[in-house]
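Report on one structure; see the data block that follows.
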Amino acid sequence: MRAPCFAARVGVLCLLLGTACGSAPRGRVLLVGIDGATLRMVTPLIEAGRLPHLAALARDGFGGPLRAHEPLLSPRIWTSIATGMDPRRHGIVSFARPDAAGVRQLYRSSDRRVPALWNIASAAGLSVVVVNWWNTYPVEKVRGAMVSDHVLAMEIQGRRALTGAEPPTPASLAWPRVWNARLPQLLRDDAPLTRVANPFAQRERFAAWMNSEALARRYENDADIARIALALEAALSPDLLMVFLPGIDRVSHVLWAAVEPTSAYADPPRMDAEQRSAAAEALRLYYVYSDALIGRLMQRYGERDLVLVVSDHGFEAGRALGFLSGVHKSPGARDGVIFARGPGIVAGAGEPAASVNDVTPTVLAWLGLPVADDMDGRVAHFLAGAAPARVASYAGLPVERLESAVSVTEREVLAELRSLGYLDDAGGAAVTP
Ligand SMILES: [Zn+2]
């Protein structure tokens, strides 16, 4: 049923673009982003048998490093992953920028100067679901559904609302709009998604400066994102599902010192031996948890489908804001991870590192869609026999968005970024492309 329909729809795009598309139709694509995951953690955990889903992807497909461009700022890199282009071309160069009145505001989807993978797939007649991807506010009218990356802050506000304040009206966080009303219901569901308990449940085991209560909320946030993605996937069975899980990055910023020798720090964060071992194991458990969430997301994807798991950078020892003990600032942290499994994926591991710019061309080629000449990336070496059709550019594709008013949660998102040291670190870059 799906294949001829898929081929026909791709054919329409090929006709529109005046090019020839040769690849045979395949199944669906799942692309999971895990912010800040590094092989320094993943490889020993796979060897210890603790990440069964990433291990299965590596066994049946490819696993290796994914190289980012510097500076290692998530919005730049995640937008490169979703466009195949360097930041100078796609336009999302940092976290925030001044608006016309000089007030700092977050980069928005409307600041992206080029179509993203979800726009290209939508235009090809494929259905797409995008959940929590960086810089997707205001949401775009894709052929399917999109839930903005401002949704987590909404959830934080929702919790504040429990203390007496009026809950905000979620507007423009999801497309189609009907999902705005369904999101609070999904977020109220607290049935465990995995068997991995919250690693931060025993607050007293952690040093006070680690703020284990905030870390515990990262676990809930990732579960919420996965719940939304699973609900949309079940409802729409999209040809392309893109989900972004931020938790590993957020907990690594705090816990990283526990997996580095104290000699890595001029001024090591204070932890006694028990706190160090609790923090190190909590970080490992957070990877175990993320792997379990990936397993849930992969459940309905079989051997005809392409599953990709990627991260935007790794981690290294460093101090920020006086207490954060993990950073990503130097070439030592520029490698994230990429795991890929599906028809055409050559089994293997390691070098050469693919580039963050290669993800979109690789997914397009796998789907049988043309790769654009103005993309900085190329089809990854681990996709065999890919001779994708070419198109000069997708620049002309229409991108429709919901209204672009400041989101009800923008202040929350800014506060969160500040708490991670991002805005201070990125202040200069925020205004300099
Ligand atoms: Zn980070």
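Separation of the range 349-378 from the range 25-77 is 16 Å, based on Cα centroids. Working from label points 7 Å from Cα in the Cα-to-Cβ sense, the GLU351 to GLU47 distance is 1.8 nm. Evaluated with a Cβ-only charge set (Lys, Arg +1; Asp, Glu -1), the chain carries a dipole of roughly 700 debye about its Cα centre, given to the nearest 20. On the basis of the beta-carbon distance and an R0 of 35 Å, GLU70 and ASP373 show a calculated FRET efficiency of 0.90. Entry comment: accessible area of the range 2-431 is 38 Å² per residue, from protein heavy atoms only and a probe of 1.4 Å.
For the chain, the mean residue ellipticity at 222 nm estimated from helices alone is -12000 deg cm²/dmol, where every DSSP H run of n ≥ 4 contributes -39500 (n - 2.57) and the total is divided by all residues, rounded to the nearest 500.
Once you list every other residue whose beta carbon is under 15 Å from the beta carbon of HIS381, what net charge do they have if Lys and Arg are +1 and Asp and Glu are -1? Residues near HIS381 contribute 0 overall.
Under a model in which nothing but the beta-carbon of Lys, Arg (+1) and Asp, Glu (-1) is charged, the range 279-355 shows a dipole of about 160 debye around its Cα centre. Rolling a 1.4 angstrom probe over the chain with all protein chains present gives an accessible area of which 53% lies on carbon and sulfur atoms.
Taking GluC sites (Glu not before Pro) in DSSP loop states with no more than 12 other Cβ atoms inside 10 Å as exposed sites, the chain has its longest site-free stretch at 1-302. Here the spin labels are modelled as points 7 Å beyond Cα on the Cα-Cβ line, and at ASN211 and PHE323 they lie 0.6 nm apart. Semi-axes of the equivalent ellipsoid for the chain, computed as √(5λ) from the eigenvalues of its C-alpha gyration tensor and ordered from largest down, come to 33, 25, 21 Å. Helices that extend 30 Å or more along their long axis by alpha-carbon positions and average at least -1.0 on the Kyte-Doolittle scale are, among the DSSP H runs of the chain, 212-236, 273-298. Looking at the range 213-320, the trypsin sites (Lys or Arg not before Pro) that sit in a DSSP loop and have at most 13 other Cβ atoms within 10 Å of their own Cβ are ARG270, ARG304. Separation of the range 299-326 and the range 94-156, taken as the distance between their Cα centroids, equals 20 angstrom.
Modelled this way, with points 7 Å down the Cα-to-C-beta line, the labels at ARG89 and SER330 are 3.1 nm from one another. Computing FRET efficiency as 1/(1 + (r/R0)^6) for ARG177 and ASP99, where r is the C-beta to C-beta distance and R0 is 30 Å, gives about 0.75.
The values are calculated or read from the model by the stated rules, or taken from the named source; none is laboratory data. Computed from a predicted structure; not experimentally measured. Please note: Cβ atoms are built from the backbone with ideal geometry, for glycine as well, and neighbour counts cover all protein chains shown. With ligands, DNA and RNA removed, areas are computed over all heavy atoms of the protein, side chains included. Shrake-Rupley method; radii C 1.70, N 1.55, O 1.52, S 1.80 Å.
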